Amino acid sequence: MSGADIISLTAAQAAAAISAGELSPGELFDAYRARAAADELNCFTWVADDGSDAAPSATEDWVPPGPGPSRGASPLKGVPLAVKDLFCTEGVPSQSGSRILEGYLPPYTATAVARLAQAGAPLLGKTNQDEFAMGSSTENSAFGPVRNPWDPERVPGGSSGGSAAAVAAGLTPWALGTDTGGSIRQPAALCGIVGLKPTYGAVSRYGMIAFASSLDQAGPLTRDVTDAALMLRHMVGQDPCDATSLAYPGEIALPSAERLDGVRLGVPVELTGEGIAAGVLASFQAALARARELGADVREVALPHAPHALSAYYVLAPAEASSNLARFDGVRYGARAAGASDLADMYTRTRHDGFGAEVRRRIMLGTYALSSGYYDAYYGRAQRVRTLIAADFHEAFGEVDFIVTPTAPTVAFHLGEKTQDPWSMYLNDYCTVPMSLAGIPAISIPCGLSEGLPVGLQIAGPVFSESALLDAAFALEQALGFDGSPPRSGAGGGTND
Ligand code: GLN
């Protein structure tokens, strides 16, 4: 198989080619390793050399990077995986996009990564991200911004921007990301790929460097819906190391639906009007028309509290972050500032030098929101709003099977365009944060182009509806036939299908 042919395969197709003996896991790994190593978009913070990058003291749970001799027999056949920097990977830099964790080599591997490795997906590289997953453009990374393969002057979205751009650019067959308020779905939308945030608790958070623990979820970023199902299938399940993880009821099915007969799709007026760019709305409406042709019953639904989701999120997420990030003190992990006069001075200098501006802003916001005297007025109130938002979804799912919205209000924006105005950056997650607060699964699939750039369609369902959600997304994906793909350097112009 030629290099261009290899790169054009989805993960499922590559696994099938390996099964059929048309491709070896080593050839596949080498093809992607070469591409990842030559990355010009700054997607990667670390790329595997070869199998010898393995951790010095590999444990039973951890399968080292590289294709390995027995991968061909496992379900994922040795199809390499790019992993967001914030997943701990034993002996491999895991820095969460932050200076404060520069050079940190964890002594263990995150459960989600270990499960995928055990299923036969070796680690290809670690991907760039916004620092501690705070951001919507990947411009908050201490290791420089990631560029969008559709237009290198634009952002890939964030915070899983390295993962999304790497998949879109064909630098990896697929990638692992995390989503706290939209960080899988929004970059997937801006890069023209598929991104799925699972039900909260479906995937173990063990070994994920925490941002906001009641919201963080790991999920797939892939070229198509089938790959998302395939990856998720090997990630879900209860983990004794994460008390919030849940036993997944049944197995994630590979999608096969061709039609949407009788499927009720709810369009929330609150998330599909003001603030959404005209070109994005036009693409969204065209996708709804296709859904109707497939037999879907598309109707309006109300999520009356959804417009308050962002305000609640920007109290809750910083509050949790301020607590989670207290552990970075220069003693236990990563960097330590030199020249301090005493312990308190060392803490202060380390945190001042180690954290970027956005992270410092959130720590201050969160600390304030949790301070005695203000706790009830901010944190308590935001929690009550969160409950109302979850109740809205519960009620809506009495009337419809899924809720559909645009994933992001705009297409990919220019680097630097929103960095001076945090609120305009935060608005990127207007349509994705409500689902995060409610803990429900949601997928973004590409639904067309506006200004020559990809637009994402978000479909959300009740807890544990992933298999049905993937089926609906698959039927729409086939009908929409999104065949856009950014120009791929060195691959002879592969496509996304
Ligand atoms: N953009 C949102 C934020 O900055 C969401 C990030 C995420 O999902 N990790 O918090």
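Throughout, read-outs are computed from the coordinates displayed, never taken from laboratory work. Note that the structure is predicted; figures quoted are calculated from it, not measured. FYI the Cβ positions are ideal-geometry reconstructions off the backbone, even for glycines, and counts take in every protein chain you see.
A few points about this structure:
- The set of residues in region 166-201 being under 20 Å from L76 (Cα atoms), touching a Leu at 6+ places or on another chain (Cβ under 6 Å) and outside any loop (DSSP other than H, G, I, E, B) consists of V167, A175, G177, G195.
- Meets criteria (part of a strand (DSSP E or B), within 16 Å of the ligand (Cβ to nearest atom) and crowded, with 24+ Cβ neighbours inside 10 Å) for S444: yes
- Pairs with Cβ under 6 Å, 6+ apart, first in region 296-323 and in contact (Cβ under 8 Å) with a residue 24 or more places away in the chain, second among the basic types (K, R) and surrounded by fewer than 20 Cβ atoms within 10 Å (Cβ to Cβ): D297/R264; V298/R292
- Residues that are hydroxyl-bearing (S, T, Y) and part of a helix (DSSP H, G or I) were ranked within region 417-434; the one that is farthest from P268 (Cα to Cα) is S424.
- Among the residues of region 276-295, those identified as in contact (Cβ under 8 Å) with a residue 60 or more places away in the chain and not small (G, A, S) are I276, V280, L281, F284, L288, R290, E293, L294.
- Taken over region 202-243, residues that are farther than 22 Å from G162 by Cα and of a type in the set (S, T, N, Q) amount to 2.
- For region 131-162, filtering for residues that are under 18 Å from I443 (Cα atoms) and more than 12 Å from the ligand (Cβ to nearest atom) leaves 1.
- Residue list for region 276-302, filter: of a type in the set (D, E, K, R) and either out of contact with any strand residue (DSSP E or B) (no Cβ under 6 Å at 6 or more places or on another chain) or not in a helix (DSSP H, G or I) (or both): R290, E293, D297, R299, E300
- Residue in region 458-478 that is among the acidic types (D, E), closer than 17 Å to Q285 by Cα and surrounded by 19 or more Cβ atoms within 10 Å (Cβ to Cβ) present: yes
- Which numbered condition Y104 fails, given (1) away from the ligand (no atom under 15 Å from the Cβ); (2) crowded, with 24+ Cβ neighbours inside 10 Å; (3) assigned to a loop (DSSP other than H, G, I, E, B): (2)
- Residues of region 320-346 satisfying the condition of being closer than 20 Å to G97 by Cα, more than 15 Å from the ligand (Cβ to nearest atom) and part of a helix (DSSP H, G or I): S323, A326, R327
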